[in-house]
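Single-structure report; data block below.
The values are calculated or read from the model by the stated rules, or taken from the named source; none is laboratory data. If you're wondering where the values come from, they're calculated on a predicted model, not measured in any experiment. Cβ: placed from backbone, ideal geometry, glycine included. Neighbour counts: every protein chain shown.
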C-alpha cells in the first residue's frame, strides 16, 4: 500500500485556504491540489506491506504520545526545488521556535516509527508545508509565492497524527483517493485520559 503520515488541518482551515485560492485557479496552468487532499506530509511510505500495519500503528501511537499539541496557522508560501524552476508550489506553516521544534520531532518520530516497523521512508529533508499545486514542467513562480506570502489562515491546534492510504488513480480526474486509516492523538495513548508528559 502507498501511504503517508500527515498533519491534517481542520475543515474550516482548509475551506479558508480554498476560498483564497479559488478565484486564482483559472489564472495559471497549475495542477491544483483538491481542498480535501491538503495536508502536511511528515513521512511518505511508498510501499507498506499489510503485515506491517499493526506494528506501524503501534509505533506511530507511541511516537504521537511523546509529543504535545501545538498551535499554528497556514501562512506564507514557497516552491520546490526553487521559485525559478518550480515543480511544486506550497503554503507554509506559521510556527514559533517551540512549534518548529515540535513539528520537526513529529516528522522524525513518524519516520523512525516506519523504519522500525520495516517500512522504507521516502523523501529527503523535512520542510513543513502544504502542497497547493504542481507543475507539469519546471516554471518560474515568484508571483504565486508572493501571493501566498500575503496569506495567513485561521489558527488551529495540531493535536494528532494521521495515517493515510493513497489509492492512485481512484479519485476524480484520475487523481489519488485518500483514505484515513488511523489517527493518533498527541500526548496520550488509547484509553489513557491523562495527557502524558515528556
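For this structure, a couple of remarks:
- Total residues in the stretch 105-126 satisfying the condition of being without any contact (Cβ under 8 Å) to a residue 24 or more places away in the chain and within 16 Å of residue 7 (Cα to Cα): the figure is 1.
- For the stretch 45-56, the criterion of being farther than 26 Å from residue 122 by Cα and at pLDDT below 95 is satisfied by no residue at all.
- Some residue of the stretch 11-23 being more than 18 Å from residue 74 (Cα to Cα) and without any contact (Cβ under 8 Å) to a residue 12 or more places away in the chain: yes
- Taken across the stretch 139-159, residues that are assigned to a strand (DSSP E or B), at pLDDT 95 or above and farther than 16 Å from residue 7 by Cα do occur, with at least one present.
- Selected residue [assigned to a loop (DSSP other than H, G, I, E, B), at pLDDT below 95 and under 25 Å from residue 29 (Cα atoms)] from 169, 187, 136, 191: 169
- Residue within the stretch 73-91 that is at pLDDT 95 or above, assigned to a loop (DSSP other than H, G, I, E, B) and either within 17 Å of residue 160 (Cα to Cα) or within 17 Å of the chain's Cα centre (by Cα) (or both) present: no
- Number of the condition not met by residue 29 [criteria: (1) more than 23 Å from residue 150 (Cβ to Cβ); (2) modelled with pLDDT under 90; (3) assigned to a loop (DSSP other than H, G, I, E, B)]: (1)
- Test for residue 43: is it crowded, with 19+ Cβ neighbours inside 10 Å and under 17 Å from residue 162 (Cα atoms): yes
- Residue check, residue 84 in contact (Cβ under 8 Å) with a residue 24 or more places away in the chain, out of contact with any strand residue (DSSP E or B) (no Cβ under 6 Å at 6 or more places or on another chain), surrounded by 16 or more Cβ atoms within 10 Å (Cβ to Cβ) and over 22 Å from residue 36 (Cα atoms): no
- Residues that are under 30 Å from residue 109 (Cβ atoms) and either touching a residue at least 60 places away in the same chain (Cβ under 8 Å) or not in a helix (DSSP H, G or I) (or both), drawn from the stretch 32-44: 33, 34, 36, 37, 38, 39, 40, 41, 42, 43, 44
- Within the stretch 95-130, the residues that satisfy the criterion of being under 14 Å from the mean Cα position of the chain (by Cα) and buried (at least 17 other Cβ atoms within 10 Å of the Cβ) are 103, 106, 107, 110, 111, 126, 128, 129, 130.
- Those residues of the stretch 30-40 which are in contact with a helix residue (DSSP H, G or I) (Cβ under 7 Å, 6 or more places away or on another chain) and surrounded by fewer than 20 Cβ atoms within 10 Å (Cβ to Cβ), in sequence order: 32, 35
- Check on residue 62, in a strand (DSSP E or B) and within 16 Å of residue 159 (Cα to Cα): no
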